[in-house]
Amino acid sequence: MKSRIAINGTALDVGAGNCYCDGKNWSPGLSFEGKIVRADIIQKPGIDVEMDADKNWPLKNASFDVVYAAHVIEHVKNPFHFVKEAHRVLKPKGILYIRRPHLSNPVLYGIVDHLRGGTTTTFNTFDADVQEALFEKDVQFKTIEIDYGIRLGKVMRPIIDLIGFVNYEYFLANKFIPIDEIRYVMQKITVENK
C-alpha cells in the first residue's frame with residue numbers, strides 16, 4: 001500500500017472468523033486503534049455479533065468509523081447489499097476497507113463458495129468520482145486507494161509500477177504472475193437528498 005492509514009474509533013470486522021487481531025496491523029497500510037466489534041455468520045467465542053452479511057445487519061446506522069472485510073465479499077451472494085449495509089453503518093467519512101482475491105488469482109476458482117473476484121473497477125458503481133455511481137445514487141464512496149498483493153512482490157512491484165497497475169491487471173495478470181489479492185480503501189460520502 002502506498003500510504004499508511006491510521007484510524008482511531010470503533011470498527012466493525014465483518015467475517016471475523018477465528019481472527020482475534022487487535023487492528024494494529026490489520027492489513028498492509030491500515031492501522032486501527034480502538035474498539036473492534038467482531039461479526040460473523042456463526043456465533044462462537046470472540047464474536048460479538050452473529051450476522052449474515054447477505055442480510056440486513058443488526059447494527060445501528062452511522063455507528064462505526066471503519067468497516068473492515070478481509071476475504072468476505074467474494075463469499076456473499078449480493079455484494080450490492082453488502083456495500084449498502086456497510087455504507088449505512090458507517091459514520092460520515094467512515095472508511096470501508098475490503099480485501100478480496102483478484103480475478104486473476106487461480107485460488108479464487110478453487111474454493112467452492114468463492115462467487116467472484118475483484119479488479120480495479122469493481123466498486124466504480126459506488127464511486128462518486130468515477131461518475132458511474134448512477135445505479136446507487138444514495139450509496140456513494142470516494143476511493144482513497146486501491147492496492148494489491150502479488151507473489152514475488154519485491155521483484156514484481158517495480159515492474160508493475162513501471163508499466164502501471166491497471167495495464168498489468170488487464171494485459172498481463174492472467175498470462176504472467178497473477179495478482180493474489182486486491183485491497184480497496186473507500187471513504188463514505190453522505191449524499192444529501194434534494
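The values are calculated or read from the model by the stated rules, or taken from the named source; none is laboratory data. Model, not experiment: these values are computed from the prediction. Cβ coordinates were reconstructed from backbone atoms using ideal geometry, including for glycine residues, and neighbour counts include every protein chain displayed. In case anyone asks, the SASA skips ligands and DNA or RNA and just uses the protein heavy atoms, side chains included. Shrake-Rupley method; radii C 1.70, N 1.55, O 1.52, S 1.80 Å.
Brief remarks on what is shown
- Across segment 143-186, the number of residues qualifying as closer than 22 Å to Ala70 by Cβ, open to solvent by 50 Å² or more (accessible area, probe 1.4 Å) and either among the basic types (Lys, Arg) or at pLDDT 90 or above (or both) comes to 2.
- Qualifying positions in segment 29-66 - open to solvent by 30 Å² or more (accessible area, probe 1.4 Å), over 20 Å from His81 (Cβ atoms) and assigned to a loop (DSSP other than H, G, I, E, B): Gln43, Lys44, Pro45, Gly46, Asp48
- For the residues Pro92, Pro106, the requirement of being of a type outside the set (D, E, K, R), within 21 Å of Ala11 (Cβ to Cβ) and exposed (fewer than 14 other Cβ atoms within 10 Å of the Cβ) singles out Pro92.
- For segment 67-101, the set of residues classified as of a type in the set (Val, Ile, Thr) and assigned to a strand (DSSP E or B) consists of Val67, Ile95, Ile98, listed by residue number.
- Test for Pro101: is it at pLDDT 95 or above and farther than 23 Å from Gln187 by Cβ: no
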